Amino acid sequence: MKMLSLENELKGNSYPGRGIVIGKSPNGAYAVTAYFIMGRSGNSRNRVFIEDGKGIRTQAFDPSKLSDPSLIIYAPVKVLGNKTIVTNGDQTDTIYELMDKQQTFEQALRTREFEPDAPNYTPRISGIMHVENGTYNYAMSILKSNNGNPDACNRYTFAYENPVSGEGHFIHTYMQDGDPLPSFEGEPKLIGLDDDIDAFTNRVWESLNEDNKVSLFVRYIDIKTGEYETRIVNKNQ
């Protein structure tokens, strides 16, 4: 698979929707993840990321303008022991709760499907990172309608054992802007990463469409120690 430029992927798409990046830094020291949200409606744009324990959650920037919280207020990131869960919806809670009961990532997601937001049927994208005793692996998932047919749910999981330094994978909800919005197709895109968390954060944020970008979360986890650094960028200040 050809390695793509994350900047070019983002700059060439005015509305990738929500996106997850997971991989390993070029120096091999860090497990890297990023999650961003975008919005076309006032309700979707009226959000910020805030820290919540070891994870984050979305919150209305102006509570008086929040019209429907059902699909936009959730915890995108939660930490369960040595596992970091990153998703674009409340399936974060499903994965956390069922993995805490010894079910697998895939088993947990078998209980969920794409979002009920006809006619888009937004895919649910999810990732899980496992960092333990100097080892690291991750998996990504997408649950999507069958080419816009809500009667069928297509489920794909991609697992990455012993990730290669400098490589990451990028999955997002929409191929491009449209009405209805076309769901992501194919396997996660191979992209390059940075050793420096601030350089990577700036690179992603500056590449997102200025009108549609809302919030960005980035975390670098030290694979040897499990300690992490986090960056949060919100358009609404």
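Size descriptor for the stretch 61-101, Kirkwood hydrodynamic radius: 11.4 Å (Cα pairs only, one decimal).
In the chain, a dipole from Cβ-located charges (positive for Lys and Arg, negative for Asp and Glu) runs towards its positive end, and of GLY81, LEU190, THR201 it is GLY81 whose Cα lies farthest in that direction.
Each of TYR138, MET1, THR104 was scored by the projection of its Cα onto the charge dipole of the stretch 1-142, and the greatest displacement toward the positive side belongs to MET1; charges sit on the C-beta of Lys, Arg, Asp and Glu.
Where only DSSP H runs of four or more residues are counted, the chain gives -3500 deg cm²/dmol as its mean residue ellipticity at 222 nm, each run worth -39500 (n - 2.57). Taking all protein chains into account, the per residue accessible area for the chain stands at 45 Å² (1.4 Å probe).
Suppose every Lys and Arg Cβ carries +1 and every Asp and Glu Cβ carries -1, with no other charges. What dipole size does the stretch 1-157 come out with about its Cα centre, to the nearest 20 debye? Please list the in-between numbers first.
Numbers: 18 positive and 16 negative charges, 62 e Å.
It works out to roughly 300 debye.
In the chain, a dipole from Cβ-located charges (positive for Lys and Arg, negative for Asp and Glu) runs towards its positive end, and of ILE232, SER70, VAL48 it is SER70 whose Cα lies farthest in that direction. The local environment of ARG155, defined by Cβ-Cβ distances under 12 Å, has a net charge of +2 under the rule Lys, Arg +1 and Asp, Glu -1.
When the chain is treated as a Gaussian network with alpha carbon springs shorter than 10 Å, the biggest mean-square fluctuation among ASP194, ASP222, ASP117 belongs to ASP117. When the solvent-accessible area of the stretch 69-160 is split by element, carbon and sulfur atoms take up 44 percent of it, the probe being 1.4 Å. Computed log10 I(q)/I(0) for the stretch 96-200 at 0.15 Å⁻¹: -0.74, from the Debye equation with unit scatterers placed on every C-alpha and solvent omitted. Phi angles of the stretch 221-228 translate, via the Karplus equation with coefficients 6.51, -1.76, 1.60 and θ = phi - 60°, into HN-Hα couplings of 9, 5, 5, 6, 10, x, 6, 9 Hz per residue; Gly and Pro are given as x. For the stretch 73-88, the Karplus equation 6.51 cos²θ - 1.76 cosθ + 1.60, evaluated at θ = phi - 60°, returns couplings of 9, 6, 9, x, 10, 9, 10, 10, x, 9, 10, 10, 9, 9, 9, 9 Hz by residue, with Gly and Pro reported as x. Amide H contacts for GLY28 (H built 1.01 Å from N in the peptide plane; partners 5 or more residues away or on another chain; cut-off under 5 Å): GLY166. Counting Lys and Arg as +1 and Asp and Glu as -1, what is the net charge of the other residues whose Cβ lies under 13 Å from the Cβ of ASP100? Summing Lys and Arg as +1 and Asp and Glu as -1 gives +1. Divide the volume of the convex hull around the Cα atoms of the stretch 1-76 by the residue count and you get 119 Å³ per residue.
The values are calculated or read from the model by the stated rules, or taken from the named source; none is laboratory data. These figures come from a predicted structure and were not determined experimentally. Quick reminder, even Gly has a Cβ in these numbers, built from the backbone with ideal geometry, and neighbours come from all protein chains shown. Calculation scope for accessible area: heavy atoms of the full protein, side chains included, ligands and nucleic acids excluded. Shrake-Rupley method; radii C 1.70, N 1.55, O 1.52, S 1.80 Å.
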